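The values are calculated or read from the model by the stated rules, or taken from the named source; none is laboratory data. In this text the structure is predicted, and so the values were computed from the model without any measurement. Every residue, glycine as well, gets a Cβ built from its backbone with ideal geometry; the counts of neighbours run over all protein chains shown.
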Amino acid sequence: MDTTKLFSLEGRVALVTGGSRNIGKWIAEGFIAQGAKVYISSRKADACFAAAEELGPNCVALPQDVSTVAGCKALAGQLAEHETKLDILVNNAGAAWGEPFEQFPESGWDKVMDLNLKSPFFLTQALHGALKAAASADKPAKVINITSIDGLRLNPWETYSYHASKSGLIYLTKRLAARLISDHINVTSIAPGAFASEMNRAARDHGDAVARRIPAGRIGTEEDMAAVAIYLASRAGDYVVGETIAVDGGIVNAHLGGSIDA
């Protein structure tokens, strides 16, 4: 058994949406460190180009708004100008919206559902040909959806469309996996817990307080996120199909609920 190259991404091409900051950027940085060429996309062109420059010569910016089907097809077209195949797609671009039930607006529903749930499906569809071109039985292509532990359990905030979109994406991951495995494309998902980011400002701004409610006693780090993405993207994860991995310090699977005894 040769384990020396299990986590290598040497020679592979990846695309990470929402790759200009936080989770997407950490994953892109991890992929590059393992030898991949990484394309990052985000809605804000300036941020996208700045992140690509920071990440170095093996990172290329492809700015695009993927919240629409047209945007997904446009991004696939942009990638096709550079590459004929795609080994790894990370559907990370996402949005959140919190508002009381009585006032929760249609705009907050549609924005979140479009980016978090519709976009991963139609971008994967648009890149199906490029993924198939890279895939083989002994070296499958990979689609990694970034979901959330909020798709596995409730949080106390009124983020109705976020909960619905992430739980839907977890199940969509399974359905896509069932279809695309015949093309030697493995679909999986990562469900992050508390990581300091623009979307999780509680962890960003009050990390010590948040950590006290996590079984592991800390919030997640950049390396924690990069590590699981590298695992799924590399040879190490070739036999993992349709699975969602919670990366949360034990919140979902190792947290004891309070007693309801009188």
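Does at least one position in the range 163-175 carry a residue that is in contact with a Gly (Cβ under 7 Å, 6 or more places away or on another chain), closer than 24 Å to residue 233 by Cβ and basic (Lys, Arg)? Within the range 163-175, one or more residues are in contact with a Gly (Cβ under 7 Å, 6 or more places away or on another chain), closer than 24 Å to residue 233 by Cβ and basic (Lys, Arg).
Among residues of the range 29-54 being charged (D, E, K, R) and in a helix (DSSP H, G or I), the one that is surrounded by the most Cβ atoms within 10 Å (Cβ to Cβ) is 29. A single member of 144, 149 is closer than 22 Å to residue 257 by Cα, modelled with pLDDT of 95 or more, surrounded by 18 or more Cβ atoms within 10 Å (Cβ to Cβ) and among the β-branched types (Val, Ile, Thr), and it is 149.
Within the range 21-38, the set of residues being aromatic (Phe, Trp, Tyr) and touching a helix residue (DSSP H, G or I) at 6+ places or on another chain (Cβ under 6 Å) comprises 26 only. Residues in the range 97-148 that are out of contact with any strand residue (DSSP E or B) (no Cβ under 7 Å at 6 or more places or on another chain), in contact (Cβ under 8 Å) with a residue 24 or more places away in the chain and not in a helix (DSSP H, G or I): 97, 98, 99, 100, 104, 136, 137, 139. Looking across the range 55-96, the residues that are of a type outside the set (Gly, Ala, Ser), assigned to a helix (DSSP H, G or I), within 29 Å of residue 163 (Cβ to Cβ) and over 16 Å from the mean Cα position of the chain (by Cα) come down to 69, 73, 75. Within the range 50-70, residues that are touching a residue at least 12 places away in the same chain (Cβ under 8 Å) and under 12 Å from residue 19 (Cβ atoms) have Cβ atoms under 6 Å from residues that are in a loop (DSSP other than H, G, I, E, B) and not hydroxyl-bearing (Ser, Thr, Tyr) in these pairs: 66/93, counting only partners at least 6 apart in sequence or on another chain.
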